[in-house]
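Notes follow once the structure below has been shown.
Quick note: the coordinates plus some simple rules give every number you see, no bench work behind them. Remember, it's a predicted structure, so these values are computed and weren't measured experimentally. So basically every Cβ, Gly included, is an ideal-geometry build from the backbone, and we count neighbours across all protein chains shown.
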Amino acid sequence: MINAPHSRVLCDMIKHAVDTPDKVALVEGTECVTYSQLLARIQAAAIYLQSLGLHAGDHILLAAQKELEFVYLYFAAHSIGVVNVVVDEASPRDRLDYIASVVHPVVTFGNNLVVDGYRSVSFSDIVLNGNGCELLRTTDMQPTDVADVMFTTGTTGAPKGVCLSHANIAGSASNTNGFIGTCADDVEALALPLSHSFGLGRLRCVLTAGATLVLVGNFANLKSFFAVMETEGVTGFGMVPAVWQYIKRLSGKRIAKFANQLRYIEIGSAAMPIEDKQLLMELFPTTRLCMHYGLTEASRAMFTEFHTDAGVLNSIGRPASSLVQVCVLDEDGTPVDDGVDGEICVRGNMVCRSYFLPQDNVGAFHGGDWFRTGDWGHRASNGLFYLTGRKKELINVGGEKVSPSAIEDALLTLDCIADCACVAVPDPRGVLGEVPKAYLVKSGESAPDFAEIKARLTCLLPPHEIPVLWEWTDSIPRTASGKIQRLKLKS
């Protein structure tokens, strides 16, 4: 039996294997894995990792696949102190090479994950039988030891390795389950990618709750996803706003047929228009519609629930639990008054202890433990927090701080624009320092000229927020989770 007092996540899974051994933990295709089977296979995977010569503190590159072997290896590594570096093997080669050059993995695991200079093992070649070996003792391991290194998407520069401890990932799962209410009776469909903290977090949340997780490839085949929802009796799932746009466009309101069985939907990773939040409330009148705010470094720091917070849907919410603190600080790390913009900073049980590279830690924290999110916003007198934009992306128009997202929200209310993004560019007149430039994607074959669009914005935005430069483009570069990659636009 695995003994992992350093990992609250594993301890919860062990408890479920003892208390409800025949409860289905995982479903992949036609295969069902009970909690007792899950624990046995995690132990076998831990023995397998040790047979490869891996020890506590070693790093492995683990390709995020919707396969049972991924789950076994992921938790097996935690059980013996091996550090997971979870990656998307479809990532550009230079990103994978960079990550490997930073963490120096002992082994890489994946169906097609081959990095020059490192030993590679395919999931299909993994044998989980134990061979009668004994697990190495792990009694000296601590909850503060690093469990995972997750690399950021690098929207504003080189990706950073985020060091998440066993306590961090357990804290995030506890906070999230506490807010959303995921319990042992739930069945969740996981179609989110496991290479990002959102999807990986849902895996941990479901298994710590003792619920059932159904592994679904992705949302691309909505017919298949809806079939899983129906046949498995799904009560919850997670999605990013871009996925909702996809569901809405391809299926209209058909997803509402699951309203009576869905207890919760978690949404996150990017902003969502208020109109979409209101539509979800209409389609799911009794479902908990929970939207999180957070980063890889501070997962699920805050939450809103659309029905409860119907009057303040433009807020990013309140701290996820009593163990999470959020404040707004100025450049010097001094708290500002309610209603005054500053940098949103977070500390709590789920906040990373550091970045992997020492140079990335410079300026990352205020006062040693207040993580600087890089997001600009304020706290209202009622305790709710509001975003203005990314600090690095704010446009300084003659001393006025302008949020690109505020301009984008206004542009997206115009029926002639399907998508857009705004960035700071030098003022061509040399007067204001910076001015907004808008990149627009047409909605339909024809579109009005820029002068007409500008005129229509005059009743939506103050003069200094209206873009000075305009450009049509075929698409807006985004990360897999839907975040705009402004650096690519500027370059």
The chain: radius of gyration over Cα atoms, expressed as a fraction of 2.2 N^0.38 Å: 1.00
Nonlocal amide H pairs with THR34, under 5 Å, H built at 1.01 Å: ALA25
Gap separating the Cα centres of segment 37-106 and segment 333-379, nearest whole Å: 30
Angle between the chain longest axis and helix 8-19 axis [Cα atoms, degrees, rounded to 10]: 50
Lys pairs under 16 Å by Cα in segment 8-379, provided they are eight or more residues apart or on distinct chains: 7
Where labels lie 7 Å past Cα in the beta-carbon direction, separation of THR231 and THR308 in nm: 3.5
Segment 233-284 versus segment 1-18: alpha-carbon centroid distance in Å: 33
Ranked by how many other beta carbons lie within 10 Å on average, peptides 266-278, 467-479 from highest: 266-278, 467-479
Inter-site label distance for THR286 and THR458 at 7 Å from Cα along Cβ, in nm: 5.1
Whole-number percent relative contact order across segment 336-377, with pairs defined as alpha carbons under 8 Å at least 6 apart: 58
Calculated from backbone phi, Karplus (6.51, -1.76, 1.60) coupling profile of segment 335-346 in Hz, x at Gly/Pro: x, 9, 6, 4, x, 9, 6, x, 8, 6, 10, 9
Ranked by how many other beta carbons lie within 10 Å on average, peptides 162-168, 184-190 from highest: 162-168, 184-190
C-alpha long axis of helix 274-283 to longest principal axis of the chain, angle in °: 50
Helix 222-231 axis, angle to the chain major axis (alpha carbon atoms, nearest 10°): 50
Gained length - HIS55 relative to ASP97, 0.36 nm times residue gap less alpha-carbon distance: 12.8 nm
The chain, relative contact order [Cα under 8 Å, separation at least 6], %: 10
Phi to ³J(HN,Hα) by Karplus 6.51 cos²θ - 1.76 cosθ + 1.60 over segment 249-262, Hz, x for Gly, Pro: 6, 8, 10, x, 9, 4, 5, 5, 5, 9, 4, 6, 9, 7
Among 100-108, 4-12, 304-312, the order from most to least packed when residues are scored by Cβ within 10 Å on average: 4-12, 100-108, 304-312
HN-Hα J in Hz across segment 287-293 - Karplus 6.51, -1.76, 1.60, θ = phi - 60°, x for Gly and Pro: 8, 6, 9, 9, 10, 9, 10
Antiparallel bridge percentage (DSSP; both residues within the chain; nearest 5): 60
Two-site label geometry, ASP330 and ALA380: point separation in nm, points 7 Å out along Cα→Cβ: 2.5
Length-normalised contact order for segment 394-490 - Cα pairs under 8 Å, 6+ apart - percent: 27
Share of Cα-Cα pairs in segment 394-490 lying beyond 24 Å, as whole percent: 17
